[in-house]
Amino acid sequence: MSTAPSQSAQDDLRRMRELAEEGRTRPLLGGREFVIFGLAMAAASLVHAALLDGLLPWPPMALSAIWFGTMMVAVVVARFSRRGQPRPTTANRVEMEVWRVGGLVIGALALSIFVYAMLDNTPRGFFLFTLVPPVVFGVYAIAMAASSAAARDTTLRRYAVLSMAFLVVTTLLAGSVAQFLAMAIGAVLVSIVPGIVLMQRERDRG
């Protein structure tokens, strides 16, 4: 009578060990996406800053086109970049899901601001785009912390802390050209740099 429960417990322990070993031996696979979206975010931030500074004689409505256009290109490129990657581990699936939902949150926020600005029909409505940088860095911090915990890998934790720092900085600079210059710098430090690190680890571990 006790054999079946005992065997079930042993099977559960074996699966837990396999998952733990999987997390230790297989690196996170999001490096390419980190680099792709970091480049897109940095580019959009610099164009946004140029528009605010008057270097580009475009109307405020162009802000939505800048961000949506840049991010859509990044989404398409990222989707193609996943081809040929190894079967995802549990940690990789957690990583993909938190980033997917995080991206939806950012997209929903940007779309909501655009709709509000069009209904408001004044430049004041577009000022709400100053919410985008701190929210983006907040999403980065949460997603990095979740991915790090799922993979039992501390690589991304320092970047999660750095993302929180950029959340604070971009909030304090809200409405200024410097806010989006800071966002461009943050994109390099918390997206492109860790992306390169993860890609290198992926190559090293095969």
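Kindly indicate whether any position in the range 128-145 is in contact with a Phe, Trp or Tyr (Cβ under 6 Å, 6 or more places away or on another chain), free of Cβ contacts under 8 Å to residues at least 60 places away in the same chain and closer than 18 Å to Leu28 by Cα. Scanning the range 128-145, I find at least one residue that is in contact with a Phe, Trp or Tyr (Cβ under 6 Å, 6 or more places away or on another chain), free of Cβ contacts under 8 Å to residues at least 60 places away in the same chain and closer than 18 Å to Leu28 by Cα, so the answer is yes.
The set of residues in the range 140-159 being part of a helix (DSSP H, G or I) and open to solvent by 20 Å² or more (accessible area, probe 1.4 Å) consists of Ile142, Ala145, Ala146, Ala149, Ala150, Arg157, Arg158, Tyr159. With respect to the conditions (1) at positive phi; (2) at pLDDT 70 or above, Gly84 falls short on a single one, namely (2).
Does the range 72-95 include one or more residues that are under 19 Å from Ile142 (Cβ atoms), under 15 Å from the mean Cα position of the chain (by Cα), touching a residue at least 60 places away in the same chain (Cβ under 8 Å) and not in a loop (DSSP other than H, G, I, E, B)? So far as the range 72-95 goes, yes, one or more of its residues are under 19 Å from Ile142 (Cβ atoms), under 15 Å from the mean Cα position of the chain (by Cα), touching a residue at least 60 places away in the same chain (Cβ under 8 Å) and not in a loop (DSSP other than H, G, I, E, B). When Met61 is tested against (1) within 15 Å of the chain's Cα centre (by Cα); (2) open to solvent by 60 Å² or more (accessible area, probe 1.4 Å); (3) over 22 Å from Ala146 (Cβ atoms), just one condition goes unmet, and that condition is (1). For the range 166-177, the set of residues classified as surrounded by 15 or more Cβ atoms within 10 Å (Cβ to Cβ) and assigned to a helix (DSSP H, G or I) consists of Phe166, Leu167, Val169, Thr170, Thr171, Val177, listed by residue number. Reported count of residues in the range 106-154, each being within 26 Å of Thr89 (Cβ to Cβ), modelled with pLDDT of 85 or more and in contact with a Pro (Cβ under 9 Å, 6 or more places away or on another chain), is 1.
The values are calculated or read from the model by the stated rules, or taken from the named source; none is laboratory data. Being a predicted model, the structure only gives us computed values, none of them experimental. Positions of Cβ are generated from backbone atoms using ideal geometry, with glycine treated the same way; all protein chains shown enter the neighbour counts. With ligands, DNA and RNA removed, areas are computed over all heavy atoms of the protein, side chains included. Shrake-Rupley method; radii C 1.70, N 1.55, O 1.52, S 1.80 Å.
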